[in-house]
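This structure is in structure tokens; I'll ask about it shortly.
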Amino acid sequence: MGHSIQNMLEREQQQLNTALTSYIKELTIPDRLKESVLYSIEAGGKRLRPLLMKLTCTGLGGDPEKVYPAAVALEMIHTYSLIHDDLPAMDDDTYRRGQLTNHKKYDEATAILAGDGLLTNSFHVITTSNLYTDQEKVNIVTKLSKASGLEGMVAGQYLDMEAENQTITISNLERIHHLKTGRLISFAVVIGGFLAGASLGTMEILKKYGDYLGIIFQIQDDILDIEGDQAIIGKRVGSDIDNEKNTYPSILGLDGAKRYKAKYVNEAVQCLQEVGLENTDLALISSYLSERNQ
């Protein structure tokens, strides 16, 4: 399984990287700002959110080419959030994916503006696409702005920072990650379904599946901060403990966190069974997210 997933990831990463970089390179912007944006775009990453969108769409019989503008926009927003999360005012990180964070490579002002630009232009990618009807554009932008904005990822990041150095419950931690990680993952699978012409009932189940995946992804992140290999992960192991961050292992213990993760993997698989996607490539992603080592 691991090998086929890895091949698929690499193939999809290359296609999406081409779409992303060609969009940025065509923009008329100051050279250093463009360089800063491309630095974070080209830093790699698994491109899991766009992949989830594409696999959901194809699994439900849709045209995979239709997902590209929405997938590029989604990855631009994800990249902006990483640039801003790394800033001194937030997580104050020096390295991401084994290389200097954007503000360390350039400077804080440039990093902030690079993030601002990626966020704003993400909506431009969707609204100027000739692959979507006007109604599809409105629907995609409405869902993306909610998932990434004040009721979604932004709220999750705020609550995450607010909870630092405080003792919180597992339900509070889950709420943070539903917002911070889960909303964009849910957006990916829901829009994949929407572009394949899925029913409202199917999209509701896909939304739940995305929520579960977001929690699985975060629990595994927390586990890797304890058990991971720094050379593979590309960032320092143990930083959550040093920063006294609330994590699933800190609240449930390491074994408890692993059991909690297994429960959500089962929930995710059940969602896929309900919409007939249990034997597709999308099903492999649940396992991959749960077992990844980086």
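The values are calculated or read from the model by the stated rules, or taken from the named source; none is laboratory data. Please read these numbers as outputs of a predicted model, since none were measured by experiment. No Cβ is skipped: glycine too gets one built from the backbone with ideal geometry, and neighbour counts run over all protein chains shown.
Just to be sure I understand the filter: pairs with C-beta atoms under 7 Å, separated by 6 or more residues or on different chains, first member in segment 95-121 and of a type in the set (Phe, Trp, Tyr), second member part of a helix (DSSP H, G or I) and at pLDDT 95 or above. Which pairs pass?
Filtered contacts from segment 95-121: Tyr106/Ser36.
Follow-up question, since we're still on this one. Could you list, in sequence order, all residues of segment 73-117 that are hydroxyl-bearing (Ser, Thr, Tyr) and more than 23 Å from Ala19 (Cβ to Cβ)? Talk me through it step by step, then tell me what you get.
Step one: list which residues in segment 73-117 are hydroxyl-bearing (Ser, Thr, Tyr), which gives 79-81, 94-95, 101, 106, 110.
Within segment 73-117, Thr94, Tyr95, Thr101, Tyr106, Thr110 qualify.
Now a separate question. In the list Ala147, Ala71, Ala109, which residue meets the criterion of being within 18 Å of the chain's Cα centre (by Cα), within 29 Å of Glu162 (Cα to Cα) and not acidic (Asp, Glu)?
Details: Ala71 fails: within 29 Å of Glu162 (Cα to Cα); Ala109 fails: within 18 Å of the chain's Cα centre (by Cα).
Testing whether each residue is within 18 Å of the chain's Cα centre (by Cα), within 29 Å of Glu162 (Cα to Cα) and not acidic (Asp, Glu) leaves just Ala147.
Step by step: first the residues of segment 74-90, then only those that are acidic (Asp, Glu) and assigned to a helix (DSSP H, G or I), then the one that is farthest from the chain's Cα centre (by Cα). Which residue is that?
First pass over segment 74-90, keeping only residues acidic (Asp, Glu): 75, 85-86.
This time we only want the ones that are assigned to a helix (DSSP H, G or I), so: 75, 85.
Numbers: Glu75: 8, Asp85: 13 Å.
Among those that are acidic (Asp, Glu) and assigned to a helix (DSSP H, G or I), it is Asp85.
Using the structure shown, decide if Glu151 is at pLDDT 95 or above and assigned to a helix (DSSP H, G or I).
Numbers: at pLDDT 95 or above: yes; assigned to a helix (DSSP H, G or I): no.
So Glu151 fails the test.
Shifting gears a bit: How about segment 124-179: which of its residues are loosely packed, with under 13 Cβ neighbours inside 10 Å and under 24 Å from Tyr264 (Cα atoms)?
Correct list: Thr167, Thr169, Ser171.
Quick one: Lys34 ticks every box in (1) more than 22 Å from Ser145 (Cβ to Cβ); (2) in a loop (DSSP other than H, G, I, E, B) except a single one, so which number is it?
Among (1) more than 22 Å from Ser145 (Cβ to Cβ); (2) in a loop (DSSP other than H, G, I, E, B), the lone unmet condition for Lys34 is (2).
Give the residues of segment 195-211 that are surrounded by fewer than 24 Cβ atoms within 10 Å (Cβ to Cβ), touching a residue at least 12 places away in the same chain (Cβ under 8 Å) and part of a helix (DSSP H, G or I), sorted by residue number.
Across segment 195-211, the qualifying residues are Thr202, Met203, Ile205, Lys207, Lys208, Asp211.
Return yes when Leu87 is touching a His at 6+ places or on another chain (Cβ under 7 Å) and modelled with pLDDT of 95 or more and no when it is not. Step through it out loud before you land on a result.
Details: touching a His at 6+ places or on another chain (Cβ under 7 Å): yes; modelled with pLDDT of 95 or more: yes.
In short, yes.
Just to be sure before I move on: is Leu113 in contact with a helix residue (DSSP H, G or I) (Cβ under 7 Å, 6 or more places away or on another chain) and within 28 Å of Gly197 (Cα to Cα) in the structure I sent? Give the derivation first.
Details: in contact with a helix residue (DSSP H, G or I) (Cβ under 7 Å, 6 or more places away or on another chain): yes; within 28 Å of Gly197 (Cα to Cα): no.
Spelling it out, it is not the case that Leu113 is in contact with a helix residue (DSSP H, G or I) (Cβ under 7 Å, 6 or more places away or on another chain) and within 28 Å of Gly197 (Cα to Cα).
I need the full set of residues from segment 211-249 which are under 20 Å from Glu164 (Cα atoms), at pLDDT below 65 and of a type in the set (A, V, I, L, M, F, W, C), in order please.
Val237, Ile241
Mind counting the residues in segment 8-41 that are exposed (fewer than 14 other Cβ atoms within 10 Å of the Cβ) and polar (S, T, N, Q)?
Within segment 8-41, residues that are exposed (fewer than 14 other Cβ atoms within 10 Å of the Cβ) and polar (S, T, N, Q) number 4.
Within the set of pairs 6 or more residues apart or between chains, which connect a residue that is closer than 21 Å to Asp116 by Cβ inside segment 131-152 to a residue that is part of a helix (DSSP H, G or I) and polar (S, T, N, Q) with Cβ atoms less than 8 Å apart?
Here the result reads Val141/Thr127; Leu144/Ser122; Ala147/Ser186; Ser148/Ser81, each pair linking segment 131-152 to a residue that is part of a helix (DSSP H, G or I) and polar (S, T, N, Q).
Give segment 91-115 a look and list any residue that's under 19 Å from Met153 (Cβ atoms) and part of a strand (DSSP E or B), or say none.
Answer for segment 91-115, where residues must be under 19 Å from Met153 (Cβ atoms) and part of a strand (DSSP E or B): just Arg96.
Checking the structure you have, find out if any residue of segment 279-290 is over 15 Å from Leu55 (Cβ atoms) and at pLDDT below 95.
Step one: filter segment 279-290 for residues over 15 Å from Leu55 (Cβ atoms), giving 290.
Restricting the remaining residues to those that are at pLDDT below 95 gives 290.
Within segment 279-290, one or more residues are over 15 Å from Leu55 (Cβ atoms) and at pLDDT below 95.
Do any residues in segment 6-35 that are within 25 Å of Arg292 (Cβ to Cβ) and of a type in the set (Asp, Glu) have Cβ atoms under 8 Å from those of residues that are modelled with pLDDT of 90 or more and exposed (fewer than 11 other Cβ atoms within 10 Å of the Cβ), where the two are at least six apart or on different chains, and which pairs are they?
Close Cβ pairs (under 8 Å, with a partner that is modelled with pLDDT of 90 or more and exposed (fewer than 11 other Cβ atoms within 10 Å of the Cβ)) do not exist here.
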